[in-house]
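The values are calculated or read from the model by the stated rules, or taken from the named source; none is laboratory data. Quick caveat: nothing in here was measured; it's all calculated off a predicted structure. Every residue, glycine among them, receives a Cβ derived from its backbone with ideal geometry; neighbour counts consider all protein chains shown.
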């Protein structure tokens, strides 16, 4: 129960990886808030969390959420969109690029900024969910991998800025995971990832939970600015 009595906020917590992180945090003893643009009221009831609506594309929505949070021991910046899958860089629309950046990059920054007072009160820990795609340069996914490369850079910059406050900021980089958000991905792409891993199987949402729970815990108190690839050995540091 390494997160006993800690308060953890998980963005994108109504489904997929976010829900898995929320459930793992509850199992580890935390009080969990899930924030999402989709209605997570029923999910929150099912897993024993509290739901807060948020739209990461809307600065005012993020500001409204931050006013409802007084103390945060941990923030999992997980929410993101893809939108550009399957298109080459020449086919990619400017509007799609801007939407991905608004949610994945600006939204991550604004969520961090909004939650800083609550994190500072208890010297909280932050985990940003990046992606293995940004580490190997997945083709036909340029907006998404660019946004995830940006949040990796943000992880390091924020770690430097917030270290004096006792706040840690780390990232995990999961591989292609079998969740609702990746149902559109062709089966051959899933197979490509599975065969390219040292551990030759599909990646499930629960596979990244251990790393995230560790980074939220006091056991990781002297670790910051790091990126942990959690992808079965598809990419190795």
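A compact table of results
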{"read-out": "Any hit, the range 138-148, residues being farther than 28 Å from residue 233 by Cβ, in a helix (DSSP H, G or I) and modelled with pLDDT of 95 or more", "value": "no"}
{"read-out": "Qualifying residue in the range 211-225 (condition: more than 14 Å from the chain's Cα centre (by Cα), modelled with pLDDT of 95 or more and within 25 Å of residue 15 (Cβ to Cβ))", "value": "yes"}
{"read-out": "Any chance residue 188 is modelled with pLDDT under 95 and under 26 Å from residue 99 (Cα atoms)", "value": "no"}
{"read-out": "Residue that is part of a loop (DSSP other than H, G, I, E, B), touching a residue at least 40 places away in the same chain (Cβ under 8 Å) and either touching a strand residue (DSSP E or B) at 6+ places or on another chain (Cβ under 6 Å) or closer than 23 Å to residue 233 by Cα (or both), where the choices are 82, 88", "value": "82"}
{"read-out": "Filtered residues of the range 134-160 (kept if surrounded by 22 or more Cβ atoms within 10 Å (Cβ to Cβ) and in contact with a strand residue (DSSP E or B) (Cβ under 9 Å, 6 or more places away or on another chain))", "value": "134, 148, 151, 155, 158"}
{"read-out": "Residue count for the range 1-14, restricted to those that are touching a helix residue (DSSP H, G or I) at 6+ places or on another chain (Cβ under 8 Å), over 11 Å from residue 216 (Cβ atoms) and modelled with pLDDT under 95", "value": "0"}
{"read-out": "Failed criterion for residue 19 (all others in (1) out of contact with any helix residue (DSSP H, G or I) (no Cβ under 9 Å at 6 or more places or on another chain); (2) closer than 21 Å to residue 217 by Cβ hold)", "value": "(1)"}
{"read-out": "Residue tally, condition under 25 Å from residue 65 (Cα atoms) and assigned to a helix (DSSP H, G or I), over the range 91-130", "value": "23"}
{"read-out": "Any hit, the range 61-76, residues being touching a residue at least 24 places away in the same chain (Cβ under 8 Å) and over 26 Å from residue 123 (Cβ atoms)", "value": "no"}
{"read-out": "Residue 130 touching a strand residue (DSSP E or B) at 6+ places or on another chain (Cβ under 8 Å) and within 20 Å of residue 196 (Cβ to Cβ)", "value": "yes"}
{"read-out": "Selected residue (criterion: nearest to residue 130 (Cα to Cα)) from residues of the range 215-225 that are surrounded by fewer than 17 Cβ atoms within 10 Å (Cβ to Cβ) and in contact with a helix residue (DSSP H, G or I) (Cβ under 8 Å, 6 or more places away or on another chain)", "value": "225"}
{"read-out": "Breaking point among (1) touching a residue at least 24 places away in the same chain (Cβ under 8 Å); (2) touching a helix residue (DSSP H, G or I) at 6+ places or on another chain (Cβ under 9 Å); (3) closer than 26 Å to residue 6 by Cα, for residue 48", "value": "(1)"}
{"read-out": "In the range 24-39, residue farthest from residue 57 (Cα to Cα) [restricted to those that are touching a residue at least 60 places away in the same chain (Cβ under 8 Å) and surrounded by fewer than 24 Cβ atoms within 10 Å (Cβ to Cβ)]", "value": "28"}
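Quick grid of which residues meet (1) outside any loop (DSSP other than H, G, I, E, B); (2) within 29 Å of residue 3 (Cα to Cα); (3) touching a residue at least 40 places away in the same chain (Cβ under 8 Å); (4) over 18 Å from the mean Cα position of the chain (by Cα):
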| site | (1), (2), (3), (4) |
| --- | --- |
| 164 | yes, yes, no, yes |
| 189 | yes, no, no, yes |
| 207 | yes, yes, no, no |
| 233 | no, yes, no, yes |
